[in-house]
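Below is one structure. I have some questions about it.
The values are calculated or read from the model by the stated rules, or taken from the named source; none is laboratory data. Small disclaimer: the values here were computed from a predicted structure and weren't measured. Note that we place each Cβ from the backbone using ideal geometry, even for glycine, and neighbour counts take in every protein chain shown. Just so you know, the surface numbers come from the protein's heavy atoms only, side chains and all, with ligands and any DNA or RNA stripped out. Shrake-Rupley method; radii C 1.70, N 1.55, O 1.52, S 1.80 Å.
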Amino acid sequence: VDYISISYARFSDIFSCGIWKSLPKPVDQDLTSLSNCLPEFCLRSKAENTKRKYSYAFNNFCKWCNNYLYVKPLPASDFYVSLYLIHLSKTFNSYAKVEEAYYSISWAHKLAGYPNPCYSQLCISVKEGAHRKIGHVIVNKKESITPDILKKIVIKYGQECNNRCCMCLISYAGFLRFSEMVNLKRSDLKFSDSHVSLLIQKSKTDHYREGTQVLIARTDTQT
């Protein structure tokens, strides 16, 4: 039977089953070298954090399958995937967990070249049902930072915490996330008469790590 062992320990073991068992075996050394790069490039289709999250979620699905006879994680049936999604919604009461499992199982089947059980209407309906049941959570948003608040911070802490005050002001003016702000280096800042340019080396929305330029215009010092 061609399916992945439910006792496997690594997500990359997906590349030992499915379409990967039927791929041609090149005789030429150069083609063999290129062929060996296939798993790496397929995994790079997702960001590192996404790959790590999907790997962890799919491993949990495999462990769940291991508790029952004849329940295979890969290829999985839409029936058992649906039951697993219901199990997650009842256990964690978190739609994020359900969604993470859904997309990790889907990606694993795509990588292995198996029919995707998550495309079935049964799985889709269960996922949507979980979203309606537990997904609509009231979020209490924090109060927005205003220029007046920043002014009070500078007046109170400006003499003692110049660096921190500067970080607050730059983050506010450039709409920066905390992770983007703390990773800034002096060489990432370029000053001109009309503006300052920030080079954001890594950003949550920069999927290909190309870097992002953020411009902060100079304002009237009297305001």
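Scanning region 10-25 for residues that are open to solvent by 50 Å² or more (accessible area, probe 1.4 Å) and more than 21 Å from the chain's Cα centre (by Cα), which turns out modelled with the lowest pLDDT?
The residue in question is 16.
Residue under question is residue 89, and the condition is that it be out of contact with any strand residue (DSSP E or B) (no Cβ under 9 Å at 6 or more places or on another chain) and not in a helix (DSSP H, G or I); does it hold? Write out each step before concluding.
Values: out of contact with any strand residue (DSSP E or B) (no Cβ under 9 Å at 6 or more places or on another chain): yes; not in a helix (DSSP H, G or I): no.
Spelling it out, it is not the case that residue 89 is out of contact with any strand residue (DSSP E or B) (no Cβ under 9 Å at 6 or more places or on another chain) and not in a helix (DSSP H, G or I).
So, one more: Under 6 Å between Cβ atoms, at least 6 apart or on separate chains: pull out the pairs that start in region 95-119 with a residue that is touching a residue at least 24 places away in the same chain (Cβ under 8 Å) and end on any residue that is part of a helix (DSSP H, G or I) and among the hydroxyl-bearing types (Ser, Thr, Tyr).
Correct list of pairs: 98/89; 104/54; 107/54; 118/102; 118/106.
Against the conditions (1) under 19 Å from residue 114 (Cα atoms); (2) free of Cβ contacts under 8 Å to residues at least 12 places away in the same chain; (3) not aromatic (Phe, Trp, Tyr), where does residue 62 fall short? Just the number, please.
So residue 62 meets the others, but not (2).
Here's a check for you: in region 106-123, which residue that is under 21 Å from residue 50 (Cβ atoms) and of a type in the set (A, V, I, L, M) is surrounded by the most Cβ atoms within 10 Å (Cβ to Cβ)?
108
Conditions tested, residue by residue: (1) at pLDDT below 95; (2) closer than 30 Å to residue 171 by Cβ; (3) touching a Phe, Trp or Tyr at 6+ places or on another chain (Cβ under 6 Å).
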{"residue": "119", "(1), (2), (3)": "no, no, no"}
{"residue": "122", "(1), (2), (3)": "no, no, no"}
{"residue": "132", "(1), (2), (3)": "yes, no, no"}
{"residue": "146", "(1), (2), (3)": "yes, yes, no"}
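Pairs, please: C-beta under 7 Å, at least 6 apart or cross-chain, first residue open to solvent by less than 100 Å² (accessible area, probe 1.4 Å) and in region 30-45, second in a helix (DSSP H, G or I) and aliphatic (A, V, I, L, M)?
Between residues of region 30-45 that are open to solvent by less than 100 Å² (accessible area, probe 1.4 Å) and residues that are in a helix (DSSP H, G or I) and aliphatic (A, V, I, L, M), the close pairs are 42/111.
Does region 51-101 hold any residues that are of a type outside the set (Lys, Arg), under 22 Å from residue 17 (Cα atoms) and open to solvent by 40 Å² or more (accessible area, probe 1.4 Å), and which are they?
If we filter region 51-101 for residues that are of a type outside the set (Lys, Arg), which is where we start, we get 54-62, 64-71, 73-89, 91-96, 98-101.
This time we only want the ones that are under 22 Å from residue 17 (Cα atoms), so: 54-62, 64-71, 73-81, 101.
56, 60, 66, 67, 68, 69, 70, 77, 78, 79, 80, listed by residue number.
Here's something else I'd like to know. Quickly run through region 92-102 and pick out the residues that are among the hydroxyl-bearing types (Ser, Thr, Tyr) and assigned to a helix (DSSP H, G or I).
Listed by number, the residues that qualify are 95, 102.
How do the pairs read when you match residues in region 178-190 that are on the phi < 0 side of the Ramachandran plot with residues anywhere that are polar (S, T, N, Q) and assigned to a loop (DSSP other than H, G, I, E, B), using Cβ under 7 Å and keeping only pairs 6 or more apart or on different chains?
Sorted first by the residue in region 178-190, then by its partner, the pairs are 180/203; 183/201; 188/201.
Considering only residues that are out of contact with any Leu (no Cβ under 9 Å at 6 or more places or on another chain) and acidic (Asp, Glu), look in region 156-199 and name the one that is surrounded by the most Cβ atoms within 10 Å (Cβ to Cβ).
160
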